[in-house]
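The values are calculated or read from the model by the stated rules, or taken from the named source; none is laboratory data. For clarity, every value in this text was computed on a predicted model and none was experimentally measured. Glycine also receives a Cβ, built like all others from the backbone with ideal geometry; neighbour counts cover every protein chain displayed. Protein only, heavy atoms only, side chains kept; ligands, DNA and RNA dropped before computing areas. Shrake-Rupley method; radii C 1.70, N 1.55, O 1.52, S 1.80 Å.
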Amino acid sequence: MSLVIAGKTFNSRLIVGTGKYRTHAEMKACHEASGAELVTVAVRRLDLTAKGEDSLLHWIDTSRVALLPNTAGCYTADDAVRTCRLAEELGLSKWVKLEVLGDEKTLYPDVEETLKAARVLVKEGFTVLPYTSDDVITARKLADLGCAAVMPLAAPIGSGLGIRNPHNIRLILEQVKVPVIVDAGVGTASDAAIAMELGVEAILMNTAIAQAKEPVRMARAMKLAVEAGREAFLAGRIPMKAYASASSPLTGLVT
């Protein structure tokens, strides 16, 4: 089945970013290789004076992918709300990835400010996808506010550490009724597969692709890993056991 967020259907469960690429051309090639249909853009880092091929937006095929403006670099609810309003005024989208940071070193979210901003944006009719901690209470509060999805971190942004606390992700999945999208911390294809096997609806990543030695190849790998992880989740894995279990039946053997 396809990914559905706020009534909109996407065939891909991989969401990618636009930062840290060596060139705009490489970014575009990675977007195509990933199969992503939703791409994040940091509004505060857009050069609005750039024209033609110098403009980041020139390299994003909006006939194939939808833009998801994000509030990267915001440290207060007020800044984040202003940034989302600017994105709407620029005609980017009224779908937003809400990101309110609380610390420059860890880039962990400021939960209080995130909730404050989400409350305002939802009331103003934005479709809000908030980056948050892997805390089930916060995730539940964001969903109750009317956020279209919740995006708990797997590990610190750009760390590549993979899923640090799968138990917390499972708790969020149990208690939140909107799509759960893992955001931040995925480093390689196996991390993506593990996240999807937990049952999350999608994964958002940027650094793992953009900073890979071969970004386009990594984009393809991530596409396949997300698909494989989702299929494995739907298939249902066998239970783990402490001892061996014969693959062939032991009954009916000729002695």
Aspartates and glutamates with Cα under 17 Å of residue 141, excluding same-chain neighbours fewer than 8 positions away: 99, 110, 112, 113, 174
By a straight-distance test (C-alpha under 17 Å), which aspartates and glutamates pair with residue 223 as possible cross-link partners, with residues fewer than eight away in the same chain excluded? 26, 32, 37, 183, 191, 197, 201, 214, 231
Return the long-range amide H neighbours of residue 98 (sequence gap of 5 or more, or a different chain), with a cut-off of under 5 Å between placed amide H atoms. 129, 131
For each pair in 94/177; 97/123; 51/97, compute the distance between the two Cα atoms and list the pairs where it is over 19 Å. 94/177; 51/97
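Quick one: divide the alpha-carbon radius of gyration of the range 73-188 by 2.2 N^0.38 Å and tell me what you get.
1.01
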Value at 222 nm in deg cm²/dmol, rounded to 500, when DSSP H runs of n ≥ 4 in the chain each add -39,500 (n - 2.57): -11000 deg cm²/dmol
In cubic angstrom per residue, the convex hull of the chain built on its Cα atoms measures 154 Å³
Bridge orientation stat for the chain from DSSP, antiparallel percent rounded to 5, came to 15 percent
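Between rounded, prolate and oblate, where does the range 1-62 land on the alpha carbon gyration tensor, with a ≥ b ≥ c its root eigenvalues, rounded for a/c under 1.5, else prolate if a/b exceeds b/c? Don't skip to the end; give the middle numbers.
Working: a/c = 2.54, a/b = 1.78, b/c = 1.42.
Prolate, because a/c is 1.5 or more and a/b exceeds b/c.
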Apply the Karplus curve 6.51 cos²θ - 1.76 cosθ + 1.60, θ = phi - 60°, to the phi angles in the range 77-82 and return the couplings in whole Hz, x for Gly and Pro. 4, 4, 5, 5, 5, 4
Counting only heavy atoms of protein chains, what accessible area per residue, in Å², does the chain have with a probe of 1.4 Å? 51 Å²
Counting sequence-distant residues (5 or more places) and residues on other chains, those with an amide H built under 5 Å from that of residue 15 are 203, 204, 205
Distance between modelled label sites at residue 6 and residue 233, nm, 7 Å Cα→Cβ extension: 2.1 nm
